[in-house]
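Q: The structure that follows is given in the form of structure tokens.
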Amino acid sequence: MLKRLVTSREILLVGAIVLLLMLISSRFPGFIAPANLANVFNDTSPLILLAIGQMIVILTKCIDLSVAANLALTGMVVSMVNVAAPGLPIVFILVIAIGLGTLLGMINGILVWKLAIPPIVVTLGTMTIFRGIIFVISDGKWVNSHEMSPAFKAFPRADILGLPVLGWIAILAVIIFSVVMTRTTLGRAFYAAGGNPHAATYAGINVGKTQFWAFTISGALAGLTGYLWVSRFAVSYVDIAGGFELDVVAACVIGGVSIMGGIGTVAGALLGALFLGIIKNALPVVDISPFWQLAISGGAIIVAVALNAQANREKGRIILKRAEQAS
Amino acid sequence: MLKQSDTIMPSERATAEPAVLALSGITKTFPGVKALSEVSLNLIPGKVTALIGENGAGKSTVVKILTGIYQPDGGDILVNGVPTAFPVPQAAADNGVTAIHQETVLFDELSVAENIFLGHAPRGAFGLIDRKAMTRKAGEILDGIGAGIDPGHKLRDLGIANKHLVAIARALSIDARVVIMDEPTAALSHKEIEELYELVESLRAQGKAILFISHKFDEIFRIADNYTVFRDGQLIGDGAVSDVTEADLVKMMVGRDVSQIFPKRTPDPGDEVLKVAGYSHPTEFEDIGFTLRRGEILGFYGLVGAGRSEFMQALFGITRPSAGTVEVAGTPVQIRSAADAVGNGIVYVPEDRGRQGAILDLPIFQNVTLPSLGRISGKGFLKLAEEFRLAREYTERLDLRAASLDTHVGNLSGGNQQKVVIAKWLATRPKVIILDEPTKGVDIGSKAAVHEFTAELAAQGLAVIMVSSEIPEVLGMSDRVIVMREGRMVAELAGDDLQPETLVRHAAGI
Amino acid sequence: MSTTDRVIPDRLRSPFEQRLKSWETLLLFVAIGIFVANSFASPYFLNAWNLSDATFNFTEKAMIAFAMALLIISGEIDLSVASIIALASTAMGAAVQMGVGTPGLVLTGLGVGLICGAFNGVLVTRLGLPSIVVTIGTMSLFRGISYIVLGDQAFRGYPASFSWFGQGYVWWVISFEFVLFAVIALIYAVLLHKTNFGRAVYAIGNNATGAMFSGIRVQRVRFILFLLTGLMSGVAAICLTARLGSTRPSIATGWELEIVTMVVLGGVSILGGSGTIVGVVIAAFVMGLVTFGLGLLNVPGIVMSIVIGALLIGVIALPRLWAMWRAG
């Protein structure tokens, strides 16, 4: 029993995060002050949202490299909608953002499901297409803070019990998707379709369709994050969140999501994102150049995947009695 | 009656009992192949029906049609006599049809309870899965079949036999009326097979209709009530098992009389080519040692899971032994990789042809020349004409049937794929060839051919090691037989000791 | 019964016939079509110097794409190539500050490329990690090191003799880079299609287990492929650095995806096992011509990415749609 606990990926990661926080706080106690931790969490929320979506996609043996481009495109569209109709209530903005993101995710999903094109190729393509479309619709111009309506900018920053709405949305997403992944048929289908596609077919699960839903969820979360991103930073242009898709994949890998599919949890994605978020926020505090961040997250990915691989190594058959007793 | 086997025998008891699930006049065509042509099949409650046929007879196509994976081109699926379509796998499940497959197709990362209830889990508040109820029900079903498995465990922690039990529990959980078992005993040990038989009997007692697909005649006569024989996608005959003999079934399967005749050999062992001593592995085998001479066939017998293949793969350099020595023709050699083994003249024809033996998406000639490229190329550059020459020489020697030498191996039949694998190794001019279950998945007609050239190889001075689980094959082919049990050598038999009972006694440890 | 009546023919279709129906032929027509369309669309297109300039759009990427093609055919991938360029370029920039001359700079670039490739190779072949994750990690790591060294600064001051690798012409409009591209294409075509090593690459990509059981040293081949990809990234780093005359840590950002696009567009299966160097060469020209043609029409670079992205999906989707439509 103890062995099961110790090898559990999530607990290992919680340990790593606690250790990291202890190290930082030993020199800068202010870092673990509740207000600062709330700030770090809030800052990491977009990564958490996207990592949850990406985790689901990776579970089904796919990958979604278009999430950051989806985020940027949706963000640009809602910014332009806001500029054109400043009075439009935020609810409609949210509906547009989630709706458009979902649609973009469905495009990926359809190409993977109906045409059976490898997901890495599909999302590589849509990633560049989405970025290009942003340029076309915006004519390469920025939507700046002063053009956005106050309500548009205020929503993600509104403070509830010391945590901005952005952070609360991430918490809500974690709760909702924890339930979806463990307590719904679709949630278990994601695991089944990725863990053993052949068997899933026999169990009455349409693997392609399950992958389609994974991309749809990933797209919906990316769209939602698109609005939250542009309103929080109060700016929208072609290159926002450039390269962010790799941070998202990194968060998943660090969170113990297996790139081979079938293994991963919402908690893992959350912890992986937090690990990267804490490092990013801690670097300036401990007076290390922010330029170190990229190399550190790269190193963390490699260490994480090496540890995961060690834990998942296939064991050979134990035939000898002696060996059987010893184990 | 003697030439009767080519025509469809009328089903004498077709109207006797109502079938819960039946196929009537089912036809299924794939590009270029007629997989099934107007076949019928009746599954009757409380009866075990054995579906028998050679590879390619259409058995797996039938399973896929019954489970909604494939749609028939013509004919009817009758559920209690009513024509019903199974457009998706779920429709088959909804009609109480469930299948347990050759390799247990379940989900390692899900819990046992989730595996049992995937797709039809009990629901609680808000339509969410009720985990408590699911775990409890799973426990009840598992207890019902006498399986002491914790429903909360992840499936990956279970052994193969327990995974089978989970698959059966899954079948029971959907209140199946029809249970399809596709070669369920293929990967099980002797004891596990007995337990499975008991389960099948209890399912039968519960009034389930069972379709039992098997290659093994002993188990058909042990548990089946009825039989249905397919050949080349056609129904050849069906009836009660008690009315037929094994010879009758074999005749229906292959369409001709086949007595298992093994090639006559006059063994003339030459010099010693291989000497293995003290070969051990931490978990798989221990202290294996023997010698082998030119022109000799050494059989390795044991139950599935006795460690024979594991030892052979270590000898071939796929895995590393923890101790032991190998001498080839009197010279000690180090084997750290398959390349080393091939370099020292030891080659291995694996059991898993599609994954390990051949590269299915490459042409025949490239498969044959792959290990020999170092020898027939010019300083690392390919010589295509030389490749074709070599491939032709060895494939013709083995009487390969193929459209052309650049046909992909995946398009060949099992027997012809096996010939490509063997041709590949003969082209390296080996000293020792290891054949691991060489006739598994090879139809009866081609088996004799495999035996024939195995004998011929030995006659030409090659040393042959033959791993086989078929007692007639091991006894019919080998000069000596080593029996393994639980990773150890338990007997080395020759001459008059080569009796079926002796082999079984040593292998089972009785 | 004589044995001659069942002699198996070597081939049913001649190699020429197979080639005619191939992906590469289709792609060649696409390339010709784009060339013709461009020459109608812009009066500046059919100009030797303009065309020569256009080749710089793809030569450096294509050098890496050839090695990447072999890697993808073997069933692996390397997403860290652009970051290797950044790290190699940074190392060369640092070497310049220490007064190293042109030969030393070239050795530095190639050396860093090899070391990075070896690092990827060790992680994949020794630790058995999936290459896509490993190289997403090293992609951040390698470029991250460049950022640590350079921050928001840049290295400049490359010697004039070094600049020749990126700016020199061998004869008339034929640039050094273009000649290098052609030579490397030839080397890789021979390596993949005419050697035992190339055959092993295909075998591994189709069935790595089967290749191992056939006595192929699978891990060694994979390791060499990662080395080659690293080496080619080093070569590209030399050319690109020489052409730009400066090194920033953001150099060649996003190239890994363009290179993978080039390889896949060239008909290499992303799942491994099939593809040709000729296809990658044509794909390089297609991408270069599209970029150049749209540039002449004053279409901004980012819009071209729509075309490239659509090409990538379209070239795979259209044949499948066509097959589905024909099947009804």
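Q: Only one of these conditions is not met by A:Ala241: (1) of a type in the set (Gly, Ala, Ser); (2) surrounded by fewer than 23 Cβ atoms within 10 Å (Cβ to Cβ); (3) more than 9 Å from every other protein chain (Cβ to nearest Cβ); (4) on the phi > 0 side of the Ramachandran plot. Which number is it?
A: Answer for A:Ala241: the failing condition is (2).
Q: If you take the residues of the stretch B:112-140 that are over 17 Å from A:Phe190 (Cα atoms) and in a loop (DSSP other than H, G, I, E, B), which of them is most open to solvent (accessible area, probe 1.4 Å)?
A: For the stretch B:112-140, the residue satisfying everything is B:Asp130.
Q: Could you tell me whether C:Trp171 is surrounded by fewer than 22 Cβ atoms within 10 Å (Cβ to Cβ), in contact (Cβ under 8 Å) with a residue 24 or more places away in the chain and over 19 Å from the mean Cα position of the chain (by Cα)?
A: When the stated conditions are applied, C:Trp171 does not pass them.
Q: While we're here: With (1) of a type in the set (Gly, Ala, Ser); (2) more than 14 Å from chain A (Cβ to nearest Cβ); (3) open to solvent by less than 20 Å² (accessible area, probe 1.4 Å) as the list, and C:Gly157 as the residue in question, which single condition is left unmet?
A: Evaluating C:Gly157 over (1) of a type in the set (Gly, Ala, Ser); (2) more than 14 Å from chain A (Cβ to nearest Cβ); (3) open to solvent by less than 20 Å² (accessible area, probe 1.4 Å) leaves (3) as the failure.
Q: Among the residues of the stretch A:65-72, are any more than 24 Å from C:Ile132 (Cα to Cα), within 14 Å of another protein chain (Cβ to nearest Cβ) and either open to solvent by less than 10 Å² (accessible area, probe 1.4 Å) or assigned to a loop (DSSP other than H, G, I, E, B) (or both)?
A: yes
Q: Filter the stretch B:324-340 down to residues that are more than 7 Å from chain C (Cβ to nearest Cβ) and open to solvent by less than 50 Å² (accessible area, probe 1.4 Å) and give me whichever is nearest to B:Arg488 (Cα to Cα).
A: Restricting to residues being more than 7 Å from chain C (Cβ to nearest Cβ) and open to solvent by less than 50 Å² (accessible area, probe 1.4 Å), the top hit is B:Gly324.
To keep it simple, each residue is scored yes or no on (1) in contact (Cβ under 8 Å) with a residue 60 or more places away in the chain; (2) over 14 Å from C:Ala94 (Cβ atoms); (3) within 20 Å of the chain's Cα centre (by Cα).
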site	(1), (2), (3)
C:Leu107	no, no, no
C:Cys116	yes, yes, yes
C:Asn120	yes, yes, yes
C:Leu123	no, yes, no
C:Leu127	no, yes, no
C:Val134	no, yes, yes
C:Ile145	no, no, no
C:Leu150	yes, no, no
C:Ala154	yes, no, no
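Q: Looking at this structure, is C:Ser233 surrounded by 22 or more Cβ atoms within 10 Å (Cβ to Cβ) and either closer than 30 Å to C:Gly166 by Cβ or at pLDDT 95 or above (or both)?
A: So C:Ser233 passes the test.
Q: Now for a separate question. Give the residue, chosen from C:Val263, C:Val221, C:Val315, that is within 14 Å of chain A (Cβ to nearest Cβ) and at pLDDT 90 or above.
A: C:Val263
Q: Let me ask something additional. Do any helices (runs of 4 or more DSSP H) entirely within the stretch A:145-212 hold 1 or more residues that are surrounded by 22 or more Cβ atoms within 10 Å (Cβ to Cβ), out of contact with any Asp or Glu (no Cβ under 6 Å at 6 or more places or on another chain) and within 14 Å of chain B (Cβ to nearest Cβ), and if so, which?
A: In the stretch A:145-212, the matching helices (runs of 4 or more DSSP H) lie at A:165-183, A:185-195, A:197-202.
Q: With respect to B:Glu109, determine if the residue is within 9 Å of chain A (Cβ to nearest Cβ), part of a loop (DSSP other than H, G, I, E, B) and in contact (Cβ under 8 Å) with a residue 12 or more places away in the chain.
A: yes
Q: Among the residues of the stretch C:281-289, is there at least one that is over 20 Å from the mean Cα position of the chain (by Cα) and either open to solvent by less than 50 Å² (accessible area, probe 1.4 Å) or at pLDDT 90 or above (or both)?
A: No, there is no match, as no residue in the stretch C:281-289 is over 20 Å from the mean Cα position of the chain (by Cα) and either open to solvent by less than 50 Å² (accessible area, probe 1.4 Å) or at pLDDT 90 or above (or both).
Q: Shifting gears a bit: List every residue pair whose Cβ atoms lie under 8 Å apart, where the two residues are 6 or more positions apart in sequence or sit on different chains, the first residue falls within the stretch A:11-38 and is free of Cβ contacts under 8 Å to residues at least 24 places away in the same chain and at positive phi, and the second residue, located anywhere, is surrounded by 14 or more Cβ atoms within 10 Å (Cβ to Cβ) and part of a helix (DSSP H, G or I).
A: none
Q: Within 14 Å of another protein chain (Cβ to nearest Cβ), part of a helix (DSSP H, G or I) and surrounded by fewer than 21 Cβ atoms within 10 Å (Cβ to Cβ), is that true of C:Ala182?
A: no
Q: Further question: Scanning the stretch B:401-417 for residues that are facing another protein chain (nearest Cβ under 10 Å) and of a type in the set (S, T, N, Q), which turns out nearest to B:Glu437 (Cα to Cα)?
A: B:Thr407
Q: On to the next question. Being over 22 Å from B:Met489 (Cβ atoms), in contact with a Lys or Arg (Cβ under 9 Å, 6 or more places away or on another chain) and in the same structural domain as B:Ala463 (by TED's automatic domain parsing) narrows it down to one residue among B:Ala314, B:Ala338; which is it?
A: It is B:Ala338.
Q: Still on this model: Please state which of the following conditions C:Gly198 fails to meet, knowing it meets all the rest: (1) in a loop (DSSP other than H, G, I, E, B); (2) within 12 Å of chain B (Cβ to nearest Cβ).
A: It fails just one condition, (1).
Q: Do the conditions hold for C:Gly166, that is, is it touching a Lys or Arg at 6+ places or on another chain (Cβ under 7 Å), facing another protein chain (nearest Cβ under 9 Å) and in a helix (DSSP H, G or I)?
A: No.
Q: While we're looking at this one, here's another question. Any residue at all in the stretch B:287-295 that is over 13 Å from B:Ala458 (Cα atoms) and not assigned by TED's automatic domain parsing to the domain that holds B:Glu437?
A: So far as the stretch B:287-295 goes, no, none of its residues is over 13 Å from B:Ala458 (Cα atoms) and not assigned by TED's automatic domain parsing to the domain that holds B:Glu437.
Q: Related question: When both residues are 6+ apart or on different chains and their Cβ atoms are under 6 Å apart, which pairs have a first residue that lies in the stretch B:458-471 and is over 12 Å from B:Ser309 (Cβ atoms), and a second that is assigned to a loop (DSSP other than H, G, I, E, B) and small (Gly, Ala, Ser)?
A: Taking only residues 6 or more apart or on different chains, the pairs are B:Ala458/B:Gly295; B:Gly461/B:Gly295.
Q: Same structure again: Take the stretch A:116-173 and flag every residue that is more than 22 Å from A:Ser45 (Cβ to Cβ), without any contact (Cβ under 8 Å) to a residue 12 or more places away in the chain and of a type in the set (Phe, Trp, Tyr).
A: Once the filter is applied, which keeps residues that are more than 22 Å from A:Ser45 (Cβ to Cβ), without any contact (Cβ under 8 Å) to a residue 12 or more places away in the chain and of a type in the set (Phe, Trp, Tyr), the stretch A:116-173 yields nothing.
Q: I'm trying to understand the selection: among the residues of the stretch C:245-258, which are within 11 Å of chain A (Cβ to nearest Cβ) and aliphatic (A, V, I, L, M)?
A: Listed by number, the list holds a single entry, C:Leu257.
Q: Here is a follow-up. Given the conditions (1) under 23 Å from A:Leu47 (Cβ atoms); (2) open to solvent by less than 30 Å² (accessible area, probe 1.4 Å), and given that A:Val77 satisfies all but one, which numbered condition is not satisfied?
A: (2)
Q: For the stretch A:96-110, what are the residues that are open to solvent by 30 Å² or more (accessible area, probe 1.4 Å) and of a type in the set (A, V, I, L, M)?
A: A:Ile96, A:Ile98, A:Leu100, A:Leu103, A:Met106, A:Ile107, A:Ile110
Q: Shifting gears a bit: Residues to consider are C:Trp255, C:Trp322; find the one that is aromatic (Phe, Trp, Tyr) and modelled with pLDDT under 85.
A: Of C:Trp255, C:Trp322, the one residue that is aromatic (Phe, Trp, Tyr) and modelled with pLDDT under 85 is C:Trp322.
Q: Within the stretch C:24-112, considering only helices (runs of 4 or more DSSP H) that don't extend past its boundaries, which have at least 1 residues that are open to solvent by less than 20 Å² (accessible area, probe 1.4 Å) and over 19 Å from C:Ile259 (Cα atoms)?
A: C:48-55, C:81-97
Q: Also: Would you list the strands (runs of 3 or more DSSP E) that sit entirely within the stretch B:37-105 and hold 1 or more residues that are open to solvent by 10 Å² or more (accessible area, probe 1.4 Å), acidic (Asp, Glu) and more than 11 Å from chain A (Cβ to nearest Cβ)?
A: Filter on the stretch B:37-105 gives B:74-79.
The values are calculated or read from the model by the stated rules, or taken from the named source; none is laboratory data. As the structure is a computational prediction, the values presented were derived from the model and not from experiment. Here the Cβ is made from the backbone with ideal geometry for all residues, glycine too, and neighbour counts use every protein chain on show. Just so you know, the surface numbers come from the protein's heavy atoms only, side chains and all, with ligands and any DNA or RNA stripped out. Shrake-Rupley method; radii C 1.70, N 1.55, O 1.52, S 1.80 Å.
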